[in-house]
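Here the structure is laid out as structure tokens; the discussion comes afterwards.
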Amino acid sequence: MSIAIIVHGGAGAWTTSDERFRTALEACAEAAEAGRAILLKGGSALDAVEAAVNILEDCPVLDAGRGSYPNAEGNVEMDALIMDGRDLSMGAIAAIQRVRHPISLARRVMVESGHNFLVGLGADAFADSIDFPRCSVEELLVKDLHLDEVISSRPAEQAAIGDTVGAVALDMSGNLAAATSTGGTANKRAGRVGDSPLVGSGAYADNWTAAVSATGYGEALMRVVISKRVCDFVGTGLSARSACESAIRVLEERTGGEGGLIAVDARGQVGWAYNTRAMPYAYAVEESPVISGS
Ligand code: ASP
């Protein structure tokens, strides 16, 4: 059985020649390599996507965990979703504050909470009840590069998008998993939740078809339930790549929105597509060298 993993660092208005983009690409390559190492040892797709996303959450230029954008009140509220393609189980959190690895908390929600999705104060209380590591808001607010420009150059209704993170993988047992983690759009209203933690929008994983992670303008992505749409396209026989491209076309034609997608199908074929300026990604299939690009 083959193994495969693909990760992204967010679809947005990246300048591919600058230092920030290079840092994002390096983080993607590191994340894909870490996920692949787990898969090659026989580890699960769930473990691989969680480990890959943890690395991306630690990268200060990416909008997840450390490096999340502040909202309009200067606070950091993060969203995350993890999904297991074996039985469609899922864990999600929204508007969580003061955690460095929201995806790991989402996984604990999936396994230990008895629920699928916890938000705000309830998510906080759950985190404390399982002694999940907490951090200060200052530890998360490390994004200095280009932030003022991003925030001031766009009206709130066209909030900045760009550096959400995600990973999808296929393991040796034929299981698929997907994970997406974000600080949400820059300068968002307090309490705003985007597509990322919504099942079928920010991510989806189903062993029968594919695992998908989405990024981009959440207010548009959620309206076309974009990740589930990719799985459905794969189910009709499209390759992972064509399915991502078709879903981006639907996004554009139905909402005018911008975004990006990564996918791996049940045979281990990877795909991606985006209609923004760039989207750093990296993938690893079997033992071939990691390929990164945009
Ligand atoms: N999709 C994320 C959101 O709307 C943002 C992003 O992908 O950059 O919260």
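Taken together, the values in this text are just the output of simple stated rules run on the coordinates, not laboratory data. Since the model is a prediction, treat every value here as computed from it, not as a measurement. We place every Cβ from the backbone using ideal geometry, glycine too, and count neighbours over all the protein chains shown.
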**Request:** Assuming R0 = 51 Å, can you tell me the calculated FRET efficiency for the pair residue 142 and residue 250, based on Cβ-Cβ distance, to the nearest 0.05?
**Result:** 0.90
**Request:** Tell me the GluC sites (Glu not before Pro) within the stretch 28-119 that lie in a loop according to DSSP and have at most 12 other beta-carbon atoms within 10 Å.
**Result:** 73
**Asked** Does the chain classify as rounded, prolate or oblate by the C-alpha gyration tensor (a ≥ b ≥ c root eigenvalues; a/c under 1.5 gives rounded; else a/b over b/c gives prolate, otherwise oblate)?
**Response** rounded
**Asked** Within the stretch 265-294, what residues put their amide N at less than 17 Å from the label point 7 Å along the Cα-to-Cβ vector of residue 22?
**Response** 280-281, 292-294
**Request:** Pairs of Cα atoms under 8 Å, at least six residues apart: use those to get the relative contact order of the chain, whole percent.
**Result:** 27 percent
**Message:** Rounded to the nearest 5, what % of DSSP beta bridges with both residues in the stretch 67-138 are antiparallel?
**Reply:** 65 percent
